[in-house]
Ligand SMILES: Nc1ncnc2c1ncn2[C@@H]1O[C@H](COP(=O)(O)OP(=O)(O)OP(=O)(O)O)[C@@H](O)[C@H]1O
Ligand SMILES: [Mg+2]
């Protein structure tokens with residue numbers, strides 16, 4: 001009989017959505033690191049029964065700073081506190097031998113959706129066309145694009161945020177991704193274009209989180225494609241596309257819309273992809289698979305399965321038990337994302 005696990009929503013380790021100001025203030029990289037660190041901190045705390053004040057004291061952060069850092073409202077220099085948390089996590093793991101209890105997410109697996117994303121990107125790259133990938137949250141857009149960019153030549157994968165959504169903000173982001181060093185704003189467009197329009201053609205620019213872009217920034221991407229004959233892939237949620245349907249868009253929308261050579265649109269994950277991903281986590285118990293499939297069908301798809309399974313494994317292994325349905329349910333409840341029947 002499984003020992004009842006002691007985690008519950010009242011442990012207070014659920015993390016609310018970060019504030020808008022937090023998201024605007026910090027770079028996508030810092031936020032991604034913060035996200036991983038807060039997950040690890042919560043996982044260690046839950047499996048060791050630490051309260052917030054105990055963790056805050058162990059990390060050595062001020063009480064109010066820790067609570068702002070953890071809840072995603074801190075708007076000072078994020079990197080400093082990320083580093084403090086990272087050092088504590090490494091020291092804790094080393095000292096307690098917890099290493100085996102922090103499971104790593106599976107490496108990239110070729111799912112049906114990732115194959116469709118690859119096909120769409122290949123089209124854009126080989127025909128110097130503009131494509132749009134509008135796929136639901138957590139279904140694997142970023143992972144597929146990152147893998148595509150890492151395995152093919154002349155592919156650039158840039159991510160825009162509310163912070164870099166303007167034409168200039170986007171150009172600065174692109175310059176960094178393309179390793180273009182041009183400090184004169186007037187020359188930036190040309191310098192980026194020159195890099196994209198390499199002799200021989202065949203380059204592809206993937207712009208992730210493209211729903212953040214203002215219309216003028218999308219228009220700038222169209223310009224790169226027209227002038228420099230490179231492929232452009234706009235990747236993001238449905239909002240990237242729905243703006244083209246708006247009637248007040250005027251002629252510029254028509255101009256943009258007619259350039260979209262191919263669109264991959266999917267709101268829900270494929271059942272076979274959920275199965276493959278759950279299998280890649282090494283979960284074999286039919287009840288656990290059924291529960292995780294339910295989790296994957298909620299918003300957030302593979303991303304939700306990932307976080308829930310990681311936390312459940314950590315708690316189960318911390319108690320020396322094999323992963324069971326109770327651990328998954330408790331992990332899901334503890335993450336406090338949404339109630340599941
Ligand atoms: N093909 C894959 N192989 C292995 N893991 C995957 C794959 N696709 C997604 N994942 C897992 O799911 C998580 C979410 O995927 P990803 O970040 O790529 O989704 P997304 O569609 O970009 O989501 P968002 O809309 O939030 O940006 C990843 O962190 C990873 O753990
Ligand atoms: Mg993404």
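The values are calculated or read from the model by the stated rules, or taken from the named source; none is laboratory data. As the structure is a computational prediction, the values presented were derived from the model and not from experiment. Cβ sites come from the backbone with ideal geometry, for glycine too, and all protein chains shown count toward neighbours.
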Hey, residue 164 within 16 Å of ligand 2 (Cβ to nearest atom), touching a helix residue (DSSP H, G or I) at 6+ places or on another chain (Cβ under 8 Å) and closer than 24 Å to residue 258 by Cα or not = no
request  = Tally the residues that are within 14 Å of ligand 1 (Cβ to nearest atom) and farther than 18 Å from residue 111 by Cβ, restricting the search to region 309-322.
outcome  = 3
ask   = Any residue at all in region 267-282 that is modelled with pLDDT of 90 or more, surrounded by 17 or more Cβ atoms within 10 Å (Cβ to Cβ) and over 26 Å from residue 117 (Cα atoms)?
value = no
Residue 55, sole failed condition from (1) surrounded by 20 or more Cβ atoms within 10 Å (Cβ to Cβ); (2) modelled with pLDDT under 85 = (2)
ask   = Among the listed residues 211, 255, 304, 220, which satisfies the condition of being touching a strand residue (DSSP E or B) at 6+ places or on another chain (Cβ under 8 Å) and touching a residue at least 24 places away in the same chain (Cβ under 8 Å)?
value = 211
message = For a quick check of your reading: which helices (runs of 4 or more DSSP H) sit entirely within region 69-153 and have at least 2 residues that are within 14 Å of ligand 2 (Cβ to nearest atom) and touching a strand residue (DSSP E or B) at 6+ places or on another chain (Cβ under 6 Å)?
response = 141-151
query = Within the bounds of region 186-207, is there any residue that is farther than 22 Å from residue 277 by Cα, assigned to a strand (DSSP E or B) and within 14 Å of ligand 2 (Cβ to nearest atom)?
reply = yes
remark   = For residue 96, the lone unmet condition from (1) under 26 Å from residue 316 (Cα atoms); (2) modelled with pLDDT of 80 or more; (3) out of contact with any helix residue (DSSP H, G or I) (no Cβ under 7 Å at 6 or more places or on another chain) is (2)
message = So residue 171 ticks every box in (1) within 20 Å of the chain's Cα centre (by Cα); (2) assigned to a helix (DSSP H, G or I); (3) over 19 Å from residue 260 (Cα atoms); (4) outside the structural domain of residue 57 (by TED's automatic domain parsing) but one. Which box is left unticked?
response = (1)
message = Being more than 30 Å from residue 319 (Cα to Cα), within 16 Å of ligand 1 (Cβ to nearest atom) and either under 15 Å from the mean Cα position of the chain (by Cα) or at pLDDT 90 or above (or both): is that true of residue 157 here?
response = yes
message = Suppose we filter 180, 155 for residues that are more than 27 Å from residue 257 (Cβ to Cβ) and in contact (Cβ under 8 Å) with a residue 12 or more places away in the chain; which single one remains?
response = 180
